[in-house]
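**Q** Quick one: structure below, then a few questions.
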Amino acid sequence: MTQSDSTAPTDPRPGADVGAGGGARIVVGPGKRVTLHFSLLLDDGTEIDSTRRGKPATFIVGDGNLLQGFEEALFGLGRGDDEQLRIPPEKAFGEPNAENLQRFPVSQFGDAVLEPGLVVSFRDAANSELFGIVQVVEGDEVVVDFNHPLAGRTVTFDVSVLRVEDYLIT
C-alpha cells in the first residue's frame, strides 16, 4: 500500500482524531473535546436550532454545555460521522411536569395584555431570570407553564462530527 492509499487520518496536529502514536481513531466519550455541526429537528422536520449555516459547536463531554442525553447519543462517533440521532423526551428536555403549571393573579402582571403563548419573565429566589408561557387566562387568574417548550417531544439531533480530541486540563 502506498502512502496515498492509506485510510489513516493525515492531520498532523496533536489530538487530531488519532490516538497516541497514530493509534486507533478517537471517538466521543467522557473527557473528549468535540467539534460538530448540528441541527435539532422536530418529528415534522421543523428545525429548532442549527449551526450548519455558521460556526460549528465545540464542547467538552461532561462540561454541562450539552444535555447528558445528547452527549450519550454521540458516544462512539468519530470525525467524519454523520448521524441522525432520535432523542426521546426523557433523554432530551424531559416530560411535562404538572407541578410546573402555576397560577398567578392577573393583577401581578400590571397592564400587560395576557394571552395564551405570551412568554413572561420572573425572578426566582436566587434572582435568576425564569421564563414561562401563558397557557390560559381564567377570570382573575393566569396559568403559566414553566416546563421547557420541548418537554414531552422526541427530537432528532442531526450531527456531523468534525473533530474529536483528548481534552487535557492544564
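The values are calculated or read from the model by the stated rules, or taken from the named source; none is laboratory data. Note that the coordinates shown come from a computational prediction; the quantities given were computed from them, not determined experimentally. Note: ideal-geometry Cβ built from the backbone for every residue, glycine included; neighbour counts use all protein chains shown.
**Q** Take residues that are closer than 30 Å to residue 141 by Cα and not acidic (Asp, Glu) and tell me which of the strands (runs of 3 or more DSSP E) falling wholly in the stretch 24-114 contain 1 or more. Please lay out each step first, then the result.
**A** Details: elements: 32-41, 47-50, 57-60, 82-87, 101-105.
Here the list reads 101-105.
**Q** Also, quick follow-up: Being in contact with a Lys or Arg (Cβ under 7 Å, 6 or more places away or on another chain) and surrounded by 18 or more Cβ atoms within 10 Å (Cβ to Cβ) is the filter here; which residues of the stretch 79-91 pass it?
**A** Of the residues in the stretch 79-91, the ones in contact with a Lys or Arg (Cβ under 7 Å, 6 or more places away or on another chain) are 79, 89.
79, the sole residue that qualifies.
**Q** Another question, if that's okay. Anything in the stretch 34-51 that is touching a residue at least 60 places away in the same chain (Cβ under 8 Å) and surrounded by 11 or more Cβ atoms within 10 Å (Cβ to Cβ)? List them, or say none.
**A** Narrowing the stretch 34-51 to residues touching a residue at least 60 places away in the same chain (Cβ under 8 Å): 34-43, 48.
Hits for the stretch 34-51 are 34, 35, 36, 37, 38, 39, 40, 41, 42, 48.
**Q** Taking the stated definitions as given, is residue 153 loosely packed, with under 12 Cβ neighbours inside 10 Å, on the phi < 0 side of the Ramachandran plot and at pLDDT 95 or above? Quick ask: steps written out before the conclusion?
**A** Working: loosely packed, with under 12 Cβ neighbours inside 10 Å: no; on the phi < 0 side of the Ramachandran plot: yes; at pLDDT 95 or above: yes.
For residue 153, the condition - loosely packed, with under 12 Cβ neighbours inside 10 Å, on the phi < 0 side of the Ramachandran plot and at pLDDT 95 or above - is not met.
**Q** Among the listed residues 67, 85, which satisfies the condition of being touching a helix residue (DSSP H, G or I) at 6+ places or on another chain (Cβ under 6 Å), of a type in the set (A, V, I, L, M, F, W, C) and closer than 20 Å to residue 42 by Cβ?
**A** Working: 67 fails: touching a helix residue (DSSP H, G or I) at 6+ places or on another chain (Cβ under 6 Å).
Going through 67, 85 in turn, just one is touching a helix residue (DSSP H, G or I) at 6+ places or on another chain (Cβ under 6 Å), of a type in the set (A, V, I, L, M, F, W, C) and closer than 20 Å to residue 42 by Cβ: 85.
**Q** For the stretch 120-128, does any single residue satisfy the condition of being modelled with pLDDT of 95 or more, more than 30 Å from residue 166 (Cβ to Cβ) and surrounded by 14 or more Cβ atoms within 10 Å (Cβ to Cβ)? Steps first, answer last, please.
**A** Taking the stretch 120-128 and keeping what is modelled with pLDDT of 95 or more, we get none.
Checked against the condition, which is being modelled with pLDDT of 95 or more, more than 30 Å from residue 166 (Cβ to Cβ) and surrounded by 14 or more Cβ atoms within 10 Å (Cβ to Cβ), the stretch 120-128 yields no hits at all.
**Q** Here is a check on your reading of the model: is residue 109 surrounded by 13 or more Cβ atoms within 10 Å (Cβ to Cβ) and not assigned by TED's automatic domain parsing to the domain that holds residue 25?
**A** Working: surrounded by 13 or more Cβ atoms within 10 Å (Cβ to Cβ): yes; not assigned by TED's automatic domain parsing to the domain that holds residue 25: yes.
It is true that residue 109 is surrounded by 13 or more Cβ atoms within 10 Å (Cβ to Cβ) and not assigned by TED's automatic domain parsing to the domain that holds residue 25.
**Q** Please verify whether residue 70 is aromatic (Phe, Trp, Tyr), under 16 Å from residue 29 (Cα atoms) and within 18 Å of the chain's Cα centre (by Cα), treating the condition exactly as stated.
**A** Judged against the criteria, residue 70 is a match.
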